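Heads up, the thing below is written out as structure tokens.
The values are calculated or read from the model by the stated rules, or taken from the named source; none is laboratory data. Treat the numbers as computed from the prediction; the structure is a model and nothing was measured. Note that we place each Cβ from the backbone using ideal geometry, even for glycine, and neighbour counts take in every protein chain shown.
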Ligand SMILES: [Zn+2]
Ligand SMILES: [Zn+2]
């Protein structure tokens, strides 16, 4: 009985935009106005670090890392940032398919060439226990389906990151590298929600390269521009 009441209520109450809380179309994570204002990124930025403009010689933040390429469809701002935060917090199942579609629809062909496996970023053990849902895994699953590539959770983290409020840039950098569980094919597409400094992606790429990958590239939903 309670379930029927819930279903009827869900059908009557319009969905709320995850950014401005205004009414949204059924199944859409954003209202039309927020969707139109999304900060889309070009496909011809720096192929190595995913910043929207080619990096000057010697200035690319990914130049000395194990990451061979990176791209995100959206800047980590406004409604795009709200979507990523909602996926982490409460709305992973509503947002993950939308993010994955945005990530695969326009991704540079060179980035995805020859991808043999899609690997989600290592989940934080404490965060997963608290929230039950592994949002990076949900996004990776949808990306794998869109690319017709297998998905393997090859990266594991045994120890938790410090709490968000206690974590700055330096804390992120000192996070222990993830452990690789299982054999790694030659070409790996690493999937995460946001590319911030790139330190976590670079540490993951390092671990995958050490375990046998020849080329590791990253596809994220958003890219922090500063
Ligand atoms: Zn809105
Ligand atoms: Zn660059």
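With respect to the conditions (1) farther than 27 Å from residue 90 by Cβ; (2) at pLDDT below 95; (3) touching a helix residue (DSSP H, G or I) at 6+ places or on another chain (Cβ under 7 Å), residue 162 lacks only one, and its number is (1).
Filtered by the rule that a residue be in contact (Cβ under 8 Å) with a residue 60 or more places away in the chain, in a helix (DSSP H, G or I) and over 18 Å from residue 217 (Cβ atoms), the range 85-144 gives 86, 87, 88, 94, 95, 98. Considering only residues in the range 29-54 that are closer than 15 Å to residue 80 by Cβ and touching a strand residue (DSSP E or B) at 6+ places or on another chain (Cβ under 7 Å), the one that is farthest from ligand 2 (Cβ to nearest atom) turns out to be 31. In this structure, residue 15 qualifies as modelled with pLDDT under 90, within 27 Å of residue 141 (Cα to Cα) and within 16 Å of ligand 1 (Cβ to nearest atom).
Kindly establish whether residue 73 is closer than 21 Å to residue 217 by Cβ, modelled with pLDDT of 95 or more and more than 16 Å from ligand 2 (Cβ to nearest atom). Criteria met by residue 73. The residues in the range 41-84 that are within 16 Å of ligand 1 (Cβ to nearest atom) and either surrounded by fewer than 17 Cβ atoms within 10 Å (Cβ to Cβ) or closer than 20 Å to residue 215 by Cβ (or both) can be counted, and the count is 2. Do we find that residue 3 is surrounded by fewer than 16 Cβ atoms within 10 Å (Cβ to Cβ), over 15 Å from the mean Cα position of the chain (by Cα), at pLDDT below 95 and farther than 28 Å from residue 115 by Cβ in this structure? Here the answer is yes, as residue 3 does meet what is asked.
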